[in-house]
1. Just to be sure, is B:GLY139 touching a residue at least 60 places away in the same chain (Cβ under 8 Å) and in the same structural domain as B:THR342 (by TED's automatic domain parsing)?
2. With the condition kept exactly as written, say whether any residue in the range B:26-44 is assigned to a loop (DSSP other than H, G, I, E, B) and closer than 20 Å to B:THR120 by Cβ.
3. For the range B:393-404, enumerate the residues that are in contact with a strand residue (DSSP E or B) (Cβ under 9 Å, 6 or more places away or on another chain) and facing another protein chain (nearest Cβ under 7 Å).
4. Hey, among A:VAL216, A:VAL212, which residue is surrounded by 17 or more Cβ atoms within 10 Å (Cβ to Cβ), within 14 Å of chain B (Cβ to nearest Cβ) and in contact (Cβ under 8 Å) with a residue 40 or more places away in the chain?
5. I'm trying to understand the selection: among the residues of the range A:219-243, which are free of Cβ contacts under 8 Å to residues at least 24 places away in the same chain and polar (S, T, N, Q)?
6. Just the residues that are farther than 16 Å from A:THR199 by Cβ and under 19 Å from the mean Cα position of the chain (by Cα), please, taken from the range A:359-384.
7. I need every pair where a residue in the range B:376-392 that is more than 10 Å from chain A (Cβ to nearest Cβ) has its Cβ under 7 Å from the Cβ of a residue that is assigned to a loop (DSSP other than H, G, I, E, B) and β-branched (Val, Ile, Thr), sequence separation at least 6 or different chains.
Number of protein chains: 2
Amino acid sequence: MSHPKNVIYAQAGGVTAVINASAAGVIEMTRHHPETFGKTYAAINGIVGVLEERMVDTSELDEAALNRLKTQPGAAFQACRFDLDTIDENPAQYERVLEVFRAYDIGYFFYNGGNGSMLTAQKVADYCSDHGHPVTCIGVAKTIDNDLALSHCSPGFGSAAKYIATSLLEATMDLFSMHNTSTKFFVLEAMGRNTGWLTIAGGLIKTVLPDVPLIVLPAERAFDQKAFLERVETLIETQGYCVCIVSEGLTDADGNYISIENIEHTQHNDYTQLGGVAHSLSGLVANTFNCKTHSAVPDYLQRSASHMVSETDWEMAYRAGKAAVQAALDGHHGVLPTIDVTSHSPLEWRYQNVDLYQVAELEKRVPDAFLTDDGMDITQEAIDYLQPLIKGERPVKFYNGLPDIAPIHFDLVSPMLSAYKAIK
Amino acid sequence: MSHPKNVIYAQAGGVTAVINASAAGVIEMTRHHPETFGKTYAAINGIVGVLEERMVDTSELDEAALNRLKTQPGAAFQACRFDLDTIDENPAQYERVLEVFRAYDIGYFFYNGGNGSMLTAQKVADYCSDHGHPVTCIGVAKTIDNDLALSHCSPGFGSAAKYIATSLLEATMDLFSMHNTSTKFFVLEAMGRNTGWLTIAGGLIKTVLPDVPLIVLPAERAFDQKAFLERVETLIETQGYCVCIVSEGLTDADGNYISIENIEHTQHNDYTQLGGVAHSLSGLVANTFNCKTHSAVPDYLQRSASHMVSETDWEMAYRAGKAAVQAALDGHHGVLPTIDVTSHSPLEWRYQNVDLYQVAELEKRVPDAFLTDDGMDITQEAIDYLQPLIKGERPVKFYNGLPDIAPIHFDLVSPMLSAYKAIK
């Protein structure tokens, strides 16, 4: 039997409220298998920290630190929005990854990210095995967007969905209580560039307020201004007010965003900054119906709300980390453990391994069956899907009135190699 | 001794997460004194419900309903943004209030609102006593804005402050964890038209993150674009990122709002809808420094977040209701119980009665001593003031993944009088 190899775990892409539970899952699981795994390093800033040799030796984290990790928002080891170039474009980048892997005797690479990050993990895996240093690369699923294919849902989504539905429920009760002499229309903007998963999660308020005058505008359906305004008018006329939830990435029939904050001149050329659709709809309704309107844009609040975590989602994130390590123990390579449902009611699930390449370029969108024919409301099928994912709460520890989530301090390992700058 | 008189309690102005605790306080306290108080009615939509004779007989609420009331966001009896006209303008309005008070044998009127609502309460009191039907009018303090004068703070503020500080803390940890390859500047917009109380509450994140690169822009200080951009630049250069909290009502040195959503054409002519300053600052920083930025506008979420209530604030709201009834029992009239601090550390306080007229037209702004000289950070004095107000948590009951806050159904009393339309 071969001697234990060391491990790198890293976090990539937009964070979730539970991504650090996955980190804890990986770290705990590798510790339990010293026959297979040596040290577990966590790279800072995802693959950037690998390239720049900025890493934490997680064996220095005691149980108290691991427990703090489990409740911390953001990416405790810092995530990155950084994809590797192609091998042809930038062979030096791949050589560097391999150099670091060799220097640290890395045999396992667990990459915690969304679809794009899985491609990075797979590229690294291929390069290493082509160059005589086979590294087991396993993905750890994560995204609030829930657009991960071949998985019942994505760890991170349930908590963001719980936050969105809770916030919309509370705001709706506020709106209801004042609509007679004040605001008639309130719209909440949910994250989701191409998919409306968090938007339809707002529809869960129907489980508490069955007759709520709600309009749901997911990114999957083109915005039909006429139909929208007609529905707003009907709801205000019949119920006195109207509440709306909209995807940040809502487009018109030609695929143009309803609203764009153009910052294309920044270094992030590939990334069009969204935001503003709620504000636009709010103005449209105010102008059309001569009434007071309000809009809310929780933005990062919805993906960092560690005070509003779904226990189900937390468990999925924690077990995503463990499942990735288990996949490595089982001899898998180049896979992503995804959630396979074995019973819908009550929800029972397990992790199954799918090919990284298979999942990397796919995007799961809200199915037609989850939306009513006019696309402005969700169906019972959607509620049946969403509700189990937001269920359960975790205790939140407070200190002096605020959640006790002060960051854990990590010491970086002393570099062994020459300096390397990943970001120009 | 005179026979018991009936009571009307009503809610007015922008709601808070704890306004219904005040309602419960009033109802419980009047129940305990049947020798003085007969039935306690709750008017729907504040003074509008009085005028239109839409009222609930709260003696029909059992203990379970009262307990639900204590945790419900929004105004359970619906609030109003509606001020009485002057007596000269609209004597019929005052005659109607008196007619209703006479028909229902009302001897006590408890009005739960902000500064403006106190004026309404006082006008009603004066008219009734001038017309031979003396009614004891007592205010019940409430506003998330914390701009109530002659009071240490306002019930409703502590919970909104806790929500804002928690949200900014979580979002800052998100931002920190990704700033190396993503967003460098994040700004949160807090409510506050003329006062920056909720904005400075964001400064409480310094108690968890002492070195956080934070800029605080309260409404009390004119926006100095040059100084702001210089500070952003310094913070991004030295710490890699910058987080900002700004009052919706921020103005430039000439008193012009940095951003205005002009809906002056609506029926709410006296009310300029704010919103958009965070979006504007986000764009300004992105354009100036060629970096990725984000903004969040929690809007109603910050005043309806019953899942994030400060125990201290809840207690203040609950006791505001009781103190109002106690003031009536003590023979006071035309007063508002306000919070008098008897010890600062630990915070000890009691209600004291101040004259309604005295408080109605005043506005408490953030004092200079709470802000650093450049006006872009808060002082230890501000932290010492704010921290006790957000302390303590209340248990939140969930059902199927969402807060168990379904509205209580109320039956309205059958009208005794001719119909009256308060809103044209």
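The values are calculated or read from the model by the stated rules, or taken from the named source; none is laboratory data. Note that the structure is predicted; figures quoted are calculated from it, not measured. Quick reminder, even Gly has a Cβ in these numbers, built from the backbone with ideal geometry, and neighbours come from all protein chains shown.
1. Taking the combined requirement at face value, the residue satisfies it.
2. yes
3. B:GLU393, B:PHE398, B:GLY401
4. A:VAL212
5. As a first pass, look at the range A:219-243 and keep what is free of Cβ contacts under 8 Å to residues at least 24 places away in the same chain: A:226, A:230, A:234-235, A:237.
Of everything in the range A:219-243, just one residue is free of Cβ contacts under 8 Å to residues at least 24 places away in the same chain and polar (S, T, N, Q), namely A:THR234.
6. A:VAL359, A:ALA360, A:GLU361, A:LEU362
7. Correct list of pairs: B:THR379/B:THR372.
Quick grid of which residues meet (1) buried (at least 24 other Cβ atoms within 10 Å of the Cβ); (2) closer than 28 Å to B:LEU169 by Cβ; (3) within 14 Å of another protein chain (Cβ to nearest Cβ):
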{"position": "A:THR16", "(1), (2), (3)": "yes, yes, yes"}
{"position": "A:ALA23", "(1), (2), (3)": "yes, yes, yes"}
{"position": "A:MET29", "(1), (2), (3)": "no, no, no"}
{"position": "A:HIS32", "(1), (2), (3)": "no, no, no"}
{"position": "A:PHE77", "(1), (2), (3)": "yes, yes, yes"}
{"position": "A:ASP83", "(1), (2), (3)": "no, no, yes"}
